[in-house]
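The values are calculated or read from the model by the stated rules, or taken from the named source; none is laboratory data. Computed from a predicted structure; not experimentally measured. All Cβ positions, even for glycine, are placed from backbone atoms using ideal geometry, and neighbour counts span all protein chains on display. Just so you know, the surface numbers come from the protein's heavy atoms only, side chains and all, with ligands and any DNA or RNA stripped out. Shrake-Rupley method; radii C 1.70, N 1.55, O 1.52, S 1.80 Å.
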Amino acid sequence: MRTMEVSLFIPCTVDVLLPEIGVATCRVLERLGVKTVYHESQTCCGQVFLNAGHAQKARRAACRFIEIFSKDDFVVSPSGSCVHMVRSCYPDLFPAGSLWRARALDLAPRVFELSQFLVDVMGVTDPGGSFDATVTYHDSCHVLRGLGVSRQARMLVDAAAGPRRVEMPGADSCCGFGGEFSVRFPEISVAILKDKVQSFLDSRADVLVLNEPGCLLNIGGYLHRHHPEKRVMHLAVFLDEAMERGSGR
Amino acid sequence: MSSPSGFREIASRELGNEYSRIFLKLLSEGFAILRSAGMSTFEDPQEALDRSRAIRRDAVERMPELLEEFARAAGENGAVVLWARDARHACDQIVGLARERGVRFVAKGKSMITEEIGLNRALEESGVEVFETDLGEFVTQTMGLPPFHLVGPAINIPPDKIGEAFFAKGVIREPDSDPVRLGKAVRAHLREKFRALDMGVVGVNMAIASTGTLVNVENEGNIRMIKSSPRTLVAVMSIEKVVPTLEDALHLLRVLCRNCTGQKMSGYVTFDSGPAGRGEKDGPEELFVVIVDNKRSAIYQDPLARQVLRCIRCGACLNTCPVYARIGGYPYGGVYSGPMGAVLSPLLHGIERTSDLFRACTLCGACRQVCPAGIDHPELIRVFRQREVEAGAQAAPGAQGAAERAALGVLGLCASHPAAWMAAVRSARLACAVLGEGGYVRKSPFGLSGWFSSRDLPAVAARTFREWWKGRDAAKGGRGPGGGPT
Amino acid sequence: MNGDAGREILELLRRAPRAGPHRTIQGRPASSGVEGDRAGMVLRFTEEASSQGVTVHRASGGQELAQVLTASVRAQGIRRMVACASGAVSALDLGRWAVETGVEVVDSSRLGDRGAVREAAFTADAALTPADFAVAESGTLVMAFDSDHQRLLSVAAPAHFAVVAIDDLVMSYEEAFERLLRRRKGFAGQVCFITGPSSTSDIQAVQFKGMHGPARLEVILLDTCERKPAGGL
């Protein structure tokens, strides 16, 4: 089989605050025999600008992104919302019939969230390895409703955790992050977040797995302060740890 | 009518209101269960949704032709069609009808458009007493409260408070706090009004263009009373209520009821084609249909914003919204709350006056997913934010707004210049080294106090991904950078 | 003056840029349930209506209808009833039934004007009316009001007995409207769907029946085979 080459799309939050997620993404792909490349000129996809209403800044970020990634066959990211930005929002940033819109549309179908890439493109549902803890999965809004990805991540978690994956009530409801919303309306944001954390606690799982750095900062930031014994893990880190331990189940 | 101000204050108050919280939880969880059970009774739920969305899109795109067709057909049925440019124009005409007939009071069915145009006040100012007859509306009217929820406008109000208000207004003779007895007291109170009613006012759920038929949906029977007992009936509709055909209306009814309360069909649905027929001894002798524009033809000029006119007011978006589910309807400061209000009120009252409505949204997309009318709320909300920014309006008041704009400015610079990015990372890392402990930052002097009120944030990593990659490139087989700073 | 406002509003709307015809979905919606033979529809109607708190009876002919009604009015202590004797109710010999049961029956065809209809409807313990159709998909009654059938009866009385001919039991609303339009050559005035008794949950989400309309709804599906000559159409 021809070696697949994947271009890593490491969002700014991951680069700076959560680099272990980027490293794990890279390692999981490489363990599965994929060759990885990383364009060092990449910065930010522009999602934060678009959501805040700064379309001009978002457009500049989009042009940069398209220039940098346009030659790649597969672009893979550990952030569902950033992938959603590229796949769904980029084309609409440019007027109909424009060259940039055409380029955005051309790139969109080659950009994938990690679990989407593993399951839908590579056909890998069991990357090997095992994870010895009770685990639950949080459906991030942009992963679930933006990309339509949910089953894929659960399959991958199931492969490692087996019957120790439990569902929490309201797994598909928002965690209250919403980017600038969490800073602008902290009271409301935290009220939503508390309910999400409560449903995690009620599920009795030790680990909350998700594939969106924004939710991870939000839920993780709250857990770190109030429930330090609980753990929130990005799917990439989860898979990397499971594979590291080997399939000793 | 009223513009949303004080969103933050009211939201903050409601977050601390245990009663509101209990009912919001019940509404959002209960309605979600009812809705999904209701929708699952469709042979093909997705087909049903696709169909209702197509019907609404089509109806809005063809609105002028359909309205004309409806007005003609309604006229042929014997109804009198009155057009109203705005709230004032609509109220004046309805007040005129009441005065010409010398009616002392009118009974009303629950209707958002009459609330939007402030009809009750206009009638009362000209000496016509108004009785809201939907139980929830009766309660909010008696207590002078805004609606809490589209379907249950008073569902959050403690029954002892309702009892006190009823007692004070003479609806009950002795204090009571039993929900059923309170409801029955309203029944008895309003029965006398229905029996002696000369003029009734109702809203309209749908207006069928091909037949000139008005459709109303309800569960209590108050609208049936109002459409049966008085000689004069006034039906008030905003221009977007029009649908092409009876078949379209029937399908929308199936979806509306299931999506709203989970019912296959609401208790009572009435289809009125003109006033009472020849020889009928009850039902209206005269039927007036007031078609209200009130800024909608202006909204219609914008092909993107136009989609808000597809809304059929099922309320599913409220029940599924994580923000509404925590703060309820009061902060939205008007008739329309939740995602429905967040997309409609800015167009009715102006973007500059409604910033909090479209900023207080996580863009989670749950509303869009359940919307039977095919409205893309997150898209509209992003567009409102853009227009606000473009208009140079103050996104958020005071220092917080300034800090946010500055932060976005810096981020914008960094995003397009990798060198600036790396420089920013280095200074942030230094700041974290001062502020952080154990790899986490617990507070910040840079205006992110909202975040840190209940959450920590990982410190800037000792080695960013980019640095790790470079190092690995240099000496193949490098391991990860590890979590926090060393 | 008002015509001007209408023209102005329509003119503004027409001036807006538009995307053109948008209908992408054609044909009938996927049916909301099994296409039923009569037995299937009776079962479905009964199930759906019962789930809304409706009591559903079946009667073959006028005699059984009288028995069903007698049992119900006795059980509920109904003393005064307003009745619309047209349609499927005509299978019942109303005068004889009133004498036999001792229920005071007001025949709505004798009510002269709005005031009389109000008086009768608001003071009766129950209303007896025909329904034009029963729709199985949701346990819904369809009634078209006219000079024989007054609107207030079935909403103002605290209990409502509705009689519907079994031949008029249909699967969907569309079918009910099609047949209604054929039967009446178009419809004027009001058509009403009734699905269950009046109800509300507006205070504290506590549900109760009989908010403004009837607290009780009983439907009698009437077999009309006896009206048809054997072997005929």
- Query: Taking amide hydrogens as modeled 1.01 Å from N in the peptide plane, which residues meet the under 5 Å criterion relative to C:VAL105, leaving out close sequence neighbours?
  - Reply: C:MET81
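In deg cm²/dmol and to the nearest 500, what is the mean residue ellipticity at 222 nm of chain B if only DSSP H runs of at least 4 residues count, each as -39500 (n - 2.57), divided by the residue total?
-15500 deg cm²/dmol
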- Of C:SER198, C:VAL99, C:ILE78, which is farthest on the positive side of the dipole of chain C, counting Cα position, with +1 on Lys and Arg Cβ, -1 on Asp and Glu Cβ, and the Cα centre as origin? C:SER198
- Find the cysteines in chain B that fail to meet the 4.7 Å Cβ criterion with every other cysteine, and list them. B:CYS91, B:CYS257, B:CYS311, B:CYS321, B:CYS361, B:CYS371, B:CYS414, B:CYS432
- Which value in deg cm²/dmol, rounded to the nearest 500, describes the helix-derived mean residue ellipticity at 222 nm for chain C, given -39,500 (n - 2.57) per DSSP H run of n ≥ 4 and division by the residue count? -10000 deg cm²/dmol
- Got a sec to turn the phi values of the range B:120-132 into Karplus ³J(HN,Hα) couplings, 6.51 cos²θ - 1.76 cosθ + 1.60 with θ = phi - 60°, whole Hz, x for Gly and Pro? 4, 5, 4, 5, 5, 5, 9, x, 9, 6, 10, 10, 6
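When the chain is fully extended, how far beyond the present Cα-Cα distance does B:LEU304 get from B:ALA423, taking 0.36 nm per residue of separation? Spell out each step's value before the answer.
Values: separation 119, 0.36 × 119 = 42.84 nm, distance 4.05 nm.
The B:LEU304-B:ALA423 span can extend by a further 38.8 nm.
Are any of the pairs B:LYS227/B:LYS264; B:LYS443/B:LYS470; B:LYS161/B:LYS227; A:LYS35/A:LYS71; B:LYS110/B:LYS227; B:LYS25/C:LYS209 more than 20 Å apart by Cα-Cα distance, and if so, which? Could the numbers behind the result be given before it?
On the way: B:LYS227/B:LYS264 23 Å; B:LYS443/B:LYS470 31 Å; B:LYS161/B:LYS227 31 Å; A:LYS35/A:LYS71 16 Å; B:LYS110/B:LYS227 13 Å; B:LYS25/C:LYS209 24 Å.
The answer is B:LYS227/B:LYS264; B:LYS443/B:LYS470; B:LYS161/B:LYS227; B:LYS25/C:LYS209.
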- Query: Which entries in the list B:LYS108/B:LYS281; A:LYS196/B:LYS241; B:LYS241/C:LYS185; A:LYS57/B:LYS241 go over 30 Å, if you measure between the two C-alpha atoms of each?
  - Reply: A:LYS196/B:LYS241; A:LYS57/B:LYS241
- Item | Burial order of peptide ranges A:203-212, A:82-91 (average beta-carbon count within 10 Å, highest first) | A:82-91, A:203-212
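Once the Cα gyration tensor of the range B:1-140 is diagonalised, what are the square roots of 5 times its eigenvalues, in whole Å and ordered largest first, as equivalent ellipsoid semi-axes?
Sorted largest first and rounded, they come to 33, 28, 16 Å.
Of the accessible area of the range A:97-150, with the probe set at 1.4 angstrom, what percent is carbon plus sulfur?
On the way: 890 of 1790 Å².
Of all accessible area on the range A:97-150, carbon and sulfur atoms account for 50 percent.
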- For the protein assembly as shown, accessible area per residue (1.4 Å probe, heavy atoms of protein chains only), Å²: 37
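In whole percent, how big is the carbon plus sulfur part of the accessible area of chain C, probe 1.4 Å, protein atoms only?
Working: 4870 of 9620 Å².
That fraction is 51 percent.
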- Query: In debye to the nearest 20, how big a dipole does the protein assembly as shown give about its Cα centre with +1 on each Lys and Arg Cβ and -1 on each Asp and Glu Cβ?
  - Reply: 1920
- Message: Of C:GLY62, B:GLY279, A:MET233, which is farthest towards the positive pole of the protein assembly as shown's charge dipole, taken about the Cα centre with +1 and -1 on the beta-carbons of Lys, Arg and Asp, Glu respectively?
- Response: A:MET233
- Message: Rounded to the nearest 100 Å², what is the buried accessible area between C and B, both sides summed, probe 1.4 Å?
- Response: 7800
- Item | Whole-Hz couplings from phi, Karplus 6.51/-1.76/1.60, listed for the range A:172-181; x for Gly and Pro | 9, 9, 4, 8, x, 6, x, x, 4, 4
- Chains B and A: buried accessible surface, both sides, probe 1.4 Å, rounded to 100 Å²? 5800
- Sequence-separation-based contact order of the range A:85-221, relative, with Cα cut under 8 Å and 6+ spacing, percent: 24
- Over all Cα pairs of the range A:5-121, how is the pair count split among 10 Å bins, expressed in % and running from 0 up to the last occupied bin? 15, 48, 30, 7, 0
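Give, in whole angstrom and from largest to smallest, the semi-axes √(5λ) of the equivalent ellipsoid of the range C:35-223, with λ running over the eigenvalues of the Cα gyration tensor.
Working: eigenvalues 107, 78, 66 Å².
Result for the range C:35-223: semi-axes of 23, 20, 18 Å.
Can you tell me which of C:146-155, A:96-105 comes out highest on packing, and rank the rest after it, using the mean Cβ neighbours within 10 Å? Walk me through the intermediate numbers first.
On the way: C:146-155: 24.3, A:96-105: 13.4.
Top of the packing list down: C:146-155, A:96-105.
Just how many % of Cα pairs in the range C:136-233 lie over 20 Å apart, if you round to the nearest whole percent?
Details: 2337 of 4753 pairs.
Percentage above 20 Å: 49.
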- Modelled label-to-label distance, A:ARG101 and A:LYS71, 7 Å Cα→beta-carbon offset: nm? 2.8
- Percent of all alpha-carbon pairs of chain B at distances over 41 Å, whole number, is 29
- Averaged over peptide C:210-220, how many Cβ atoms belonging to another chain are found within 10 Å of each residue's Cβ? 5
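To one decimal place, what orientation-averaged projected area in nm² is obtained for the convex hull of the Cα set of the protein assembly as shown? Numbers along the way, then the final one.
On the way: hull surface 173.5 nm².
Dividing the Cα hull surface by four gives the mean projection, 43.4 nm².
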- What is the extension gain from B:ALA433 to B:ARG99, computed as 0.36 nm multiplied by their sequence separation minus the C-alpha to C-alpha distance, in nm to one decimal? 112.7 nm
- Item | log₁₀ of I(q)/I(0) at q = 0.16 Å⁻¹ - the range A:63-114, Debye sum with one point per alpha carbon | -0.39
